[in-house]
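The values are calculated or read from the model by the stated rules, or taken from the named source; none is laboratory data. Given the structure is predicted, the values throughout are model-derived calculations rather than measurements. Because the Cβ atoms are built from the backbone with ideal geometry, glycine has one as well, and the counts that use them run over all protein chains shown. To get the accessible areas, we keep the full protein, side chains included, count just its heavy atoms, and leave off ligands, DNA and RNA. Shrake-Rupley method; radii C 1.70, N 1.55, O 1.52, S 1.80 Å.
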Amino acid sequence: MPELPEVEALAQFLREHAVGAVVGRVDVAALSAVKTFDPPVTALSGRDVTGAGRWGKFLGMDCSGLWLITHLSRGGWLRWIDEPSPTPPKPGGKSPLALRVHFFTTEGATPAFDLTEAGTKKRLAVYAVEDPKMVPGIARLGPDALEVTEPQFDEILHGTSQRIKTAIVDQSLLAGIGNAYSDEILHTAKVSPFANTKTLSAEKTAQLYEAMRSVLTDAVQRSVGQAAARLKGEKRSGMRVHARTGQPCPVCGDTVREVSYAERSFQYCATCQTGGKVLADRRMSRLLK
């Protein structure tokens, strides 16, 4: 899933490549992805692209006061195409394409971008709104993870009682962090994913805040300026524990372990984060019964 660093990089990519262009045809290939109908997304046609922004993990493009907002969800992505096919896609097909936006640039080029979604669970969402805060998911967001102050962060964490892993991916508490970067932040801070927010010491809370800032800032710096097609690879290359189950921890050399739950899993280092204790994996517990 694209998280704060990748979505920030995509917003910057749109500022560099789409701002100044005029929106041409808008092709809807997956009707289920479009969540607003008045105005229709086709109302973007003919408007100048004047900006791009990010709200948590939501990406937006400003078209002269009408915003195209998307949440890429777990399997979505933005793909820039310099020479798109002039033939409109067929709605309802098996293609991963959800939406295509064509442009006319001042140089006379006619590029486009595709919003695509891999997998069978289609959760990518597209909105056309006059104010980004009209999108329910944006209206519910907590403070941005890169803008929240340390006192605010402390108040947020100690104002709830739950596992820290759950808290920092809750978009109503902190906006922008997902499963991957939460693994990296907790590993950097040497905090157990199962630690309780209510009992987290002041020292550990400060370490967690600094880790959040450093991990996300570093990821943004590595991501911004990359072509959209290279962002996924850049994200993977910077991970120390996430999606590296069975590999050695780059800090201590212990084996990176995994805990699975529902449709997700997270990775951690027992030596660095839990004092050597191996956390219970519900998936394995079920198999052993």
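With a ≥ b ≥ c the root eigenvalues of the C-alpha gyration tensor of segment 4-134, is it rounded (a/c under 1.5), prolate (a/b larger than b/c) or oblate?
Rounded shape, in that the Cα axes give a/c under 1.5.
Which of the DSSP-defined H helices in the chain satisfy a minimum axial length of 20 Å, computed from C-alpha atoms, and a minimum mean Kyte-Doolittle hydropathy of -0.5?
202-223
In percent, how large is the relative contact order of the chain, given Cα pairs closer than 8 Å and 6 or more residues apart?
Numbers: 572 pairs, mean separation 52.2, N = 289.
RCO, the chain: 18 percent.
Residues of the chain: accessible area per residue at 1.4 Å, in Å²?
Counting only protein heavy atoms, the per-residue value for the chain is 47 Å².
Using a Förster distance of 35 Å, how high is the FRET efficiency between Thr106 and Glu210, based on the Cβ-Cβ distance and rounded to 0.05?
Details: r = 44 Å, r/R0 = 1.25.
Efficiency, rounded to the nearest 0.05: 0.20.
Report the label-to-label distance for Ala43 and Lys198 in nanometres (one decimal), using points 7 Å from each Cα along the Cα→Cβ vector.
It is 4.7 nm.
With n ≥ 4 as the cut-off for DSSP H runs, can you work out [θ] at 222 nm for the chain, using -39500 (n - 2.57) per run divided by the number of residues, rounded to the nearest 500?
-8000 deg cm²/dmol
List the cysteines of the chain that have no other Cys Cβ closer than 4.7 Å: which are they?
Cys63, Cys252
Roll a 1.4 angstrom probe over the protein heavy atoms and tell me the percent of accessible area of segment 4-134 that is carbon or sulfur.
So the carbon and sulfur contribution to the accessible surface is 54 percent.
Counting Lys and Arg as +1 and Asp and Glu as -1, what is the net charge of the other residues whose Cβ lies under 9 Å from the Cβ of Pro88? Write out the running numbers ahead of the final one.
Details: positive: Arg25, Lys90, Arg100; negative: Asp27.
Local charge sum for Pro88: +2.
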